[in-house]
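Below is one structure, written out as structure tokens; comments come after it.
The values are calculated or read from the model by the stated rules, or taken from the named source; none is laboratory data. Treat the numbers as computed from the prediction; the structure is a model and nothing was measured. Heads up, the Cβs are rebuilt from the backbone with ideal geometry, glycines too, and the neighbour counts pull from every protein chain shown. Keep in mind that these areas ignore ligands, DNA and RNA; they rest on the heavy atoms of the full protein, side chains included. Shrake-Rupley method; radii C 1.70, N 1.55, O 1.52, S 1.80 Å.
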Amino acid sequence: MRSHALIFLGAPGAGKGTQAREIARAFGIPQISTGDMLRDAVKKQTPLGLAAKAKMEAGELVPDEVVCGIVEERIGEPDCQKGFILDGFPRTIAQAEFVDRVLQAKGHGRPQVLDIEVGEDVLLKRLTGRRTCSVCGEIYNIYFNPPKQEGVCDKDGGKLLERADDNEQTIRQRLEAYHRQTHPLIEHYRKQGVLFSIDGNRDPDVITKDLRELFAQK
């Protein structure tokens with residue numbers, strides 16, 4: 001894989017995080033998830049977390065100045081020198097232009113961009129059914145990948161938790177925000193000739209295999 005930076009696009013629940021973890025592991029580069037970084041800031045009650053909390057709980061996008069600041073700082077860390085995956089960022093054209101400037105300034109060049117396409121009915125089940133282990137972080141889904149015992153992780157017996165923003169009303173707001181503000185990024189990157197689209201309705205292992213082959217050739 002020659003590109004220094006990968007960007008994963010897709011609606012909430014499309015599988016960006018799952019695939020980003022697998023590809024990051026396969027190529028030995030870090031996965032940068034703005035969502036995880038922001039949720040951690042909320043949990044720690046940092047100034048950044050307090051600024052983001054109300055927007056996240058309402059299913060709205062966090063202000064650019066908050067997200068861009070943590071992304072630029074993260075990209076500058078030593079483990080990103082050989083490449084990285086941006087998972088869940090950029091979400092708007094303005095953020096995409098910011099990323100372009102930062103990548104050029106730091107010598108990473110143009111990114112490779114993946115769009116994971118999934119139908120809205122599938123997205124709703126994936127998100128409302130999502131449960132995460134409080135101990136190891138393993139992700140389950142009560143519809144597609146349920147644990148053997150309800151509410152308990154198969155691996156370590158940890159309690160399975162539902163994210164506060166994984167209720168249907170908030171999810172629909174998040175999907176609406178995605179289509180309104182993030183979907184235009186697809187055309188933005190298509191015009192640059194760096195966009196690749198993949199069917200995200202399939203089994204995650206099959207998608208991972210396809211992505212490993214795709215990026216190994218680039």
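Restricting the search to region 99-117, which residues are open to solvent by less than 30 Å² (accessible area, probe 1.4 Å) and either on the phi < 0 side of the Ramachandran plot or assigned to a strand (DSSP E or B) (or both)? If the condition is that a residue be open to solvent by less than 30 Å² (accessible area, probe 1.4 Å) and either on the phi < 0 side of the Ramachandran plot or assigned to a strand (DSSP E or B) (or both), then Val99, Val102, Leu103, His108, Pro111, Gln112, Val113, Leu114, Asp115, Ile116 are the ones that fit. The set of residues in region 206-218 being part of a helix (DSSP H, G or I) and either within 17 Å of the chain's Cα centre (by Cα) or more than 13 Å from Arg21 (Cβ to Cβ) (or both) consists of Val206, Ile207, Thr208, Lys209, Asp210, Leu211, Glu213, Leu214, Phe215, Ala216, Gln217. Here's a check for you: in region 142-162, which residue that is touching a residue at least 24 places away in the same chain (Cβ under 8 Å) and more than 20 Å from Gly35 (Cβ to Cβ) is most open to solvent (accessible area, probe 1.4 Å)? Top of the filtered list is Lys159.
Filtering region 173-194 to residues that are open to solvent by 20 Å² or more (accessible area, probe 1.4 Å), more than 16 Å from the chain's Cα centre (by Cα) and in contact (Cβ under 8 Å) with a residue 60 or more places away in the chain leaves Gln173, Pro184, His188, Gln192. Just for region 125-137: of the residues that are in a loop (DSSP other than H, G, I, E, B) and open to solvent by less than 60 Å² (accessible area, probe 1.4 Å), which one is nearest to Gly59 (Cα to Cα)? Restricting to residues being in a loop (DSSP other than H, G, I, E, B) and open to solvent by less than 60 Å² (accessible area, probe 1.4 Å), the top hit is Gly129. With respect to (1) touching a helix residue (DSSP H, G or I) at 6+ places or on another chain (Cβ under 7 Å); (2) open to solvent by 40 Å² or more (accessible area, probe 1.4 Å); (3) in a loop (DSSP other than H, G, I, E, B), the lone exception for Asp165 is condition (2). Summed over region 84-93, residues that are more than 16 Å from the chain's Cα centre (by Cα) and modelled with pLDDT under 90 total 0. For region 42-52, a residue qualifies if it is open to solvent by 10 Å² or more (accessible area, probe 1.4 Å) and touching a Pro at 6+ places or on another chain (Cβ under 9 Å), and exactly one does: Ala51. Can you report the number of residues in region 27-41 which are surrounded by 14 or more Cβ atoms within 10 Å (Cβ to Cβ) and either of a type in the set (Asp, Glu) or out of contact with any Phe, Trp or Tyr (no Cβ under 8 Å at 6 or more places or on another chain) (or both)? The total comes to 7.
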